[in-house]
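The values are calculated or read from the model by the stated rules, or taken from the named source; none is laboratory data. Just so it is clear, the structure is predicted and the values come from calculations on it, not from any experiment. Cβ placement follows ideal geometry from the backbone for every residue including glycine, while neighbour counts extend to all protein chains displayed.
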Amino acid sequence: MGLLDWLNSAKQSPSFKPAYIRIKPENTNEDSKFYSPFSSNQQYFEVVVNEMYLSYKRKWLTTYDPMVFVTTEFEYAGEKVTMPFVVGPALISDKKQKLPEGQGFLFKNTTVAGLHPAKGNAIAITLVLNRLPGDNALRKVLNVVEKVSGTFSKEFQAIAGGYLKIAGVVLQGMDILTESDEVKAIVGIRDEYGNDDLRPGYFALVNGEDQDFDENKFFVKGKELHYGNNMATCQPFRSDDYVLYSLRSETERRDVETLPMFQAWKDINSSLSKIYRKLTDDEKKLYRGQLFGLGTEMMFSPDLTEPQANKLLDEYTAKLEKEIARRDALSGEEHAAGKSPDEWKSKIERLSKKLYQ
């Protein structure tokens, strides 16, 4: 049974009464970030579980283990892909914050998808909070799924092409867990954000069992869910279990050096750094041609937005031209020790073949 089928089945239960609230931008202290919609290939999106509150009345981490299944569906390299993530007992135990007087505990700030270019098509997020008896045999399956999800996401999640290679393992593990009667969905939602409403924001998924909430009274301060009459007097929400997550927008990714294409730029710099003389015209054409090829790769990369690809190309071009100009100031007769012109020509030819393979 797939996660979506399982969620639809859970909705038939009379006790499954989640409240799903999209927090108004003006009800946050980050409102300026949430008014503007995404523009195709102009920003990155990121999905973050900002806060999860689990009350002791449900015997979390004593009788039951919590699990949050998250899948994010989006366009990558011209195809619709699904990126799964599992927040399980191990991760929760590492990051939980106990609250006073037996109120429960909090789990905060885990990125479950991103950063990826928003291509202008729909982004769908499925999020389900589940419980599993702590001594259940399925705990071993959960441990494996959580470990695979967490380990690989740290290295590859921001580079979707790498993470998607092992995403099937996580999805299969989710299927095994959801097929068991021992796993119970507490709250869950699947929401699809299309072109018209694809904008960043905060979303709260609350166990609304036997309660009636006023959506206008939910606030987010410091990435934490609050409830009250206004921003000044609202208090942390503690009425029942909830998950607060956000769909966020960023103009630039900060991990460009982890992208595979960055190696080509390092190779250009490494080769150029070994030349201590004026470059020949052919050598200048070679380096500029290599940079042009890298620029083309960046423009068509599914991991970069168009504005950042252009900015990086401008930065790399300026750096390359600066290094060429520095060498132009040298005498054309100067060569690195032990290197004849013929040896330099052979070295450049070998480098060219290597970079264009």
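For this structure, a couple of remarks:
- Filter result for A264 (surrounded by 15 or more Cβ atoms within 10 Å (Cβ to Cβ), modelled with pLDDT of 90 or more and of a type in the set (G, A, S)): yes
- For segment 271-301, the candidate set comprises residues that are in a loop (DSSP other than H, G, I, E, B) and out of contact with any His (no Cβ under 8 Å at 6 or more places or on another chain); within that set, the residue that is nearest to E257 (Cα to Cα) is S301.
- Scanning segment 70-89 for residues that are more than 14 Å from T111 (Cβ to Cβ) and not β-branched (V, I, T) yields E73, F74, E75, Y76, A77, G78, E79, K80, G88, P89.
- Index of the failed condition, L54 passing every other in (1) at pLDDT below 85; (2) of a type outside the set (S, T, Y); (3) buried (at least 22 other Cβ atoms within 10 Å of the Cβ); (4) touching a Phe, Trp or Tyr at 6+ places or on another chain (Cβ under 6 Å): (1)
- Of all residues in segment 213-240, those that are surrounded by fewer than 18 Cβ atoms within 10 Å (Cβ to Cβ) and in contact with a strand residue (DSSP E or B) (Cβ under 9 Å, 6 or more places away or on another chain) total 15.
- Filter result for L355 (modelled with pLDDT under 95 and farther than 14 Å from W265 by Cβ): no
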